[in-house]
1. Listing L373, L324 from the residue with the fewest other Cβ atoms within 10 Å to the one with the most, what is the order?
2. Along the charge dipole of region 192-306, Cβ charges K/R +1 and D/E -1, which of S271, A256, A292 sits furthest on the positive end?
3. Quick one: angle between helix 33-45 and the longest Cα principal axis of the chain, in degrees between 0 and 90, rounded to 10, please.
4. Show me the three semi-axes of the equivalent ellipsoid for region 192-306, from the C-alpha gyration tensor (sqrt of 5 times each eigenvalue), largest first, rounded to whole Å.
5. Given an 8 Å cut-off on Cα distances and at least 6 residues of separation, report the relative contact order of the chain as a percent.
6. Treating the angle as unsigned and between 0 and 90°, give the value, to the nearest 10°, between the Cα long axis of helix 314-325 and the longest Cα principal axis of the chain.
7. Toward the positive end of the charge dipole of the chain, about the Cα centre and with charges on Cβ (Lys, Arg +1; Asp, Glu -1), which of G405, L152, F344 goes farthest?
8. Please determine, in degrees from 0 to 90 and to the nearest 10, the orientation of helix 370-379 with respect to the longest principal axis defined by the Cα atoms of the chain, where the helix direction is its Cα long axis.
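What follows draws every value from the coordinates through simple rules; no lab data is involved. Please read these numbers as outputs of a predicted model, since none were measured by experiment. Heads up, the Cβs are rebuilt from the backbone with ideal geometry, glycines too, and the neighbour counts pull from every protein chain shown.
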Amino acid sequence: MAPDPQSWPVPSGSVVDLYRDLHRHPELSGQETRTAARLASELARRQIDVTEGIGGTGVVGMLRNGDGPTVLLRADIDGLPVKELTGAPYASAASGVDRNGATVPVMHACGHDMHAAALIGAVDVLLERATEWAGTVAIVFQPAEETGEGALAMIADGLPQLVGTPVVALGQHVSPVPAGAVVAAAGIYGAASDNFRIRIHGVGGHASTPEAAVDPIVAAAATVMRLQAVISRETAAQEPAVLTVSSIHAGRAENAIPDEAELTVNLRSFSASTRHRLITAMRRVIDAESAAAGMTRRPSIERISGAPLLLNDPDATRRTFGALGESALDTHLVTQPMTGSEDFGALGEALGCPSVFWHWGGTAPDRYSPAELATLLAEARFPEHVPMNHSPEYLPDLEWALPAGIQAMSAAALHWLQQPTSAPLDQGTR
Ligand SMILES: [Zn+2]
Ligand SMILES: [Zn+2]
């Protein structure tokens with residue numbers, strides 16, 4: 001169906017204010033205490049049972065509306081160490097302390113504030129339309145998505161006991177495609193992600209006497225270059241994979257050879273066999289380059305974070321997109337997964353229910369030319385001239401993104417909550 005913004009819900013002023021407040025006060029992964037308290041109070045204000053502090057700063061609301069299926073709706077809530085350059089009146093000037101002890105600027109550069117506000121807006125729609133459905137809505141505000149830790153932390157801290165077995169877990173992500181579009185793959189939709197910290201142990205010394213040192217900078221440089229051949233020479237051309245050396249640090253003085261170089265490496269893969277191959281090859285190259293440089297200590301290779309494959313249940317995804325297509329949204333089921341990652345998939349896996357995760361457009365359609373708009377929608381790809389998520393200039397267009405996100409999440413939830421069940425309906429026990 002062609003998108004019809006006129007029929008999308010109009011968020012209340014308080015939900016718009018909630019978005020602006022969350023945007024102005026972003027918090028780093030795992031430190032979302034203010035955000036979590038604000039969201040818990042929004043749920044409590046709506047007479048929804050709230051449990052706080054699950055997996056650190058996770059919040060779960062249980063909206064009970066008689067007998068029926070349980071549907072899990074998830075929004076992530078963390079910001080990123082990025083300095084905001086959007087110029088928005090509600091731009092963040094916040095800073096935080098990262099896990100290395102460094103003070104860093106913080107911004108909702110991935111739009112997770114929009115996810116949280118849209119979920120509260122969708123809850124308002126479900127409350128308004130409570131006579132049209134029965135069941136339980138498990139509202140999950142998940143911390144630490146960016147570090148790939150939050151979903152697993154909530155699972156380990158009792159989420160399954162709290163929510164039982166939902167019929168489906170639904171999650172969505174705002175993106176710079178035009179508002180009104182929703183995009184997903186009915187199958188593998190997000191890459192598995194693995195992040196490693198590597199320490200190459202050299203022997204430090206004076207810059208003028210390299211023969212008395214073992215230089216970890218040269219070994220790190222050789223390692224970085226050799227790692228580039230893993231994708232081109234060791235993985236099959238038919239299956240995408242990514243290996244990025246994402247940071248490199250060594251040395252402080254211009255006249256000294258340091259004793260250590262530190263790298264971080266990010267891997268993305270779409271199957272267990274390729275993931276295994278990438279990790280094995282990465283370890284082999286790092287070990288061998290250290291040995292080639294004459295290091296006496298083997299390098300240390302430590303996995304610091306990651307996310308599992310994001311697998312959209314094909315049947316549940318088609319059903320959900322059928323419902324979204326009938327709800328004034330323009331649906332695009334793509335065949336290629338994104339190379340981005342999401343830890344949302346861990347929730348459905350642990351709870352034993354199908355997962356459906358999609359991107360929704362949060363950018364005003366008039367920011368594209370008509371021709372560009374047609375191509376973007378036909379090919380369901382991200383535009384080049386609108387800043388992407390994680391950019392210091394990424395900002396969803398509030399007046400478009402929030403109603404579109406509320407419409408998508410509430411329509412998807414209603415579809416699953418309106419399924420007939422064998423149990424009699426009881427509308428009186430919310
Ligand atoms: Zn992100
Ligand atoms: Zn994100």
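1. L373, L324
2. S271
3. Orientation of helix 33-45: about 10 degrees from the principal axis.
4. 29, 13, 11
5. That works out to 26 percent.
6. That works out to roughly 60 degrees.
7. Of the candidates, L152 comes out farthest on the positive side.
8. 80 degrees
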